[in-house]
1. If the requirement is being among the small types (G, A, S) and out of contact with any Leu (no Cβ under 7 Å at 6 or more places or on another chain), which of these qualifies: A49, A78, A114, A143?
2. A51 fails exactly one of the following numbered conditions: (1) under 13 Å from L212 (Cβ atoms); (2) assigned to a loop (DSSP other than H, G, I, E, B). What is the number of that condition?
3. Among helices (runs of 4 or more DSSP H) lying entirely in the stretch 99-208, which contain 1 or more residues that are hydroxyl-bearing (S, T, Y)?
4. What is the residue count in the stretch 50-84 for residues that are more than 18 Å from the chain's Cα centre (by Cα) and aliphatic (A, V, I, L, M)?
5. Could you count how many residues in the stretch 173-193 are touching a helix residue (DSSP H, G or I) at 6+ places or on another chain (Cβ under 6 Å) and either of a type in the set (V, I, T) or surrounded by fewer than 17 Cβ atoms within 10 Å (Cβ to Cβ) (or both)?
6. Evaluate the following for L85: is it under 23 Å from V171 (Cβ atoms), buried (at least 18 other Cβ atoms within 10 Å of the Cβ) and assigned by TED's automatic domain parsing to the domain that holds S134?
7. Being more than 30 Å from C93 (Cα to Cα), touching a residue at least 12 places away in the same chain (Cβ under 8 Å) and not hydroxyl-bearing (S, T, Y), is that true of even one residue in the stretch 40-57?
8. Answer yes if at least one residue in the stretch 65-72 is at pLDDT 90 or above and in a helix (DSSP H, G or I), and no otherwise.
Amino acid sequence: MAFVKAIVQAYTQRGMDPLPALTEAQIAPESLERPEARITALQMEWLSATAMRELDDEALGWFSRRLPWGSYGMLVRASLTAPTLGVAMQRWCRHHGLLTEDILLQVSTEEGVAHLQLTEQGGLGALQEFAVVSVLRNALGVACWLTDSRIPLQQTTLRFAPPPHADSYRVLFDGPTQFNAHMHSLQFDAGYLSLPVRRDEAALQRMLQRALLLTVRPYRRDRLLVEKVRQTLAEHPEHSRNADDLAAWLNLSPRTLHRQLKEEGASLQQLKDAVRRDLATDLLLRTLRSIKQIAAEVGFQNEKSFMRAFKGWTGQTPEEFRNQT
């Protein structure tokens with residue numbers, strides 16, 4: 001709840017009402033007065049996303065200047081072409097300094113251990129804990145995503161005293177956490193810095209649709225299974241005729257595929273529909289192909305069933321959608 005209260009404070013600093021954002025995240029305002037109250041990771045994702053947009057600040061009030069929506073996406077994009085994670089993280093730290101001078105991020109190695117260090121250049125005030133935890137978790141999440149690897153931490157060090165909710169840090173960071181340390185840092189095996197960057201622009205666009213997953217939840221290779229399924233459905237339709245073919249392509253059993261998608265709040269049919277919808281709308285906007293041709297290209301047996309499905313997706317017929325835009 002301390003982090004929810006920090007977001008509320010960011011609204012207060014801007015003279016804005018946080019109640020609509022709390023309501024959208026299904027967080028009762030009275031729970032702010034109960035330090036023992038907890039929220040789910042999904043609620044934190046909802047609240048953070050709404051606040052970032054409404055405040056137009058991806059830093060949520062931490063720094064002396066706002067980081068407009070898209071700032072952290074720009075940092076990831078600057079790192080995509082790096083050959084290794086080490087180069088990518090050096091770029092990340094250097095470019096983060098262009099966004100704000102309130103903190104300095106550095107990557108170094110010593111005796112086989114990599115250190116991602118955060119130095120406060122200016123006072124972060126009451127938002128210190130929320131800012132430091134969020135920036136470090138975000139950087140770690142991006143590093144894991146770039147390499148598609150879970151990077152286990154050897155230790156987390158933090159300069160502030162242990163907060164009343166210190167027990168929660170077992171969830172926030174794996175490995176031991178040391179408070180009242182001389183620096184803020186994440187420490188992990190330096191061997192991970194030599195891993196190749198495995199992502200491209202297309203993967204970035206998909207990730208940015210739910211980028212907060214990388215900060216709110218610990219990275220797991222199967223956590224973003226929805227992204228992998230979407231990519232396969234879009235780029236390898238020959239492997240997506242049925243769940244058995246798709247699961248085999250992803251090196252999963254059909255049962256595991258369905259279970260993990262359910263854990264992420266999705267179903268295979270929903271994802272198939274979403275990929276078909278995205279392709280259909282793209283073809284309607286960018287081409288002059290007939291409705292019949294588009295229906296066939298997105299995998300429908302006839303024009304009538306495509307038109308019925310499209311209206312269910314958008315509330316409009318394909319013709320109405322094309323003419324409106």
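The values are calculated or read from the model by the stated rules, or taken from the named source; none is laboratory data. Predicted model, so just to flag it, every value in this text is computed and none were measured. Virtual Cβ from ideal backbone geometry, glycine too; neighbours counted across all protein chains shown.
1. Matching residue, one of A49, A78, A114, A143: A78.
2. Checking A51 against (1) under 13 Å from L212 (Cβ atoms); (2) assigned to a loop (DSSP other than H, G, I, E, B), the one that fails is (2).
3. 128-147, 169-172
4. Residues that pass the stated criteria total 2.
5. Residues that pass the stated criteria total 1.
6. So L85 does not fit the description; no.
7. no
8. For the stretch 65-72, residues at pLDDT 90 or above and in a helix (DSSP H, G or I): present.
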